[in-house]
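Step one of this worksheet: look at the structure below.
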Amino acid sequence: LDIGCGVGALHLTLLEEGAEKATGVEISDEMIEKAKKFCAQRNLESKSVYLLGDFVQKSGEIQPADITLLDKVVCCYEDVEMLVRKSAEKTRHTYAFSHPREGFLMKFLFRTQIFVCNLMHSGFRPYWHDWSWVRGLVAAQGFQLVYENATIAWQVAVYKRA
């Protein structure tokens, strides 16, 4: 289950590596169309399903999955608690998400982006959440941290069901 799948890079890679099937959920119809195109180029249409819309609103239509991915999604969602709860409900084994790396510089850059988006009345609105709290929320859903890594800008956390 790839929430906020974008063009499908993560779930298409997992399918190529042996995953049985994938569901990509995306709020942007342009991204869904690109994901379907890349899926077709890799001959993975029979293993892929795409759903256009807000995952939280559509979660009742989505089957549980062994792996749930939220790559650069939690920082684009205002009600992150509901996003984590609903996505955790759909996860049998592995839950992975990324968020902006904590620290003064990233927080400043991210808050500047938020300010500019608000100033420009942009349809896109990023959110700076308390990332420790979000990670605790994932753990409270019955998951245990098994891997974490970071780039200059992003923190990645992978959890398994306890």
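The numbers here are math on the coordinates, done by the rules we state, and not lab data. All of these numbers come straight from a predicted model, not from anything done at the bench. Neighbour counts run over all protein chains shown; Cβ positions are idealised from the backbone, glycine included.
Quick notes on this one:
- Within the shell defined by Cβ-Cβ distances under 12 Å, the residues around Arg135 carry a net charge of -3, with Lys and Arg each +1 and Asp and Glu each -1.
- Beta bridges from DSSP with both residues in the chain: antiparallel share about 50 percent, rounded to the nearest 5.
- Between Glu45, Glu81, Glu20, the GNM of the chain built on Cα springs shorter than 10 angstrom shows Glu20 fluctuating the most.
- Toward the positive end of the charge dipole of the chain, with +1 on the Cβ of Lys and Arg and -1 on the Cβ of Asp and Glu, the farthest Cα among Thr13, Ile67, Ser132 is that of Ser132.
- Simple label model, 7 Å out from Cα along Cβ direction - Phe115 to Ser132, nm: 2.5
- This model, with +1 at the C-beta of Lys and Arg and -1 at the C-beta of Asp and Glu, gives region 1-117 a dipole about its Cα centre of some 200 debye.
- Here the label points at Leu145 and Phe124, each 7 Å from Cα along the C-beta direction, are separated by 2.9 nm in the simple model.
- Difference of contour (0.36 nm per residue) and Cα-Cα distance, Glu20 to Asp54: 9.8 nm
- Over region 1-108, the ratio between the Cα radius of gyration and 2.2 N^0.38 Å evaluates to 1.06.
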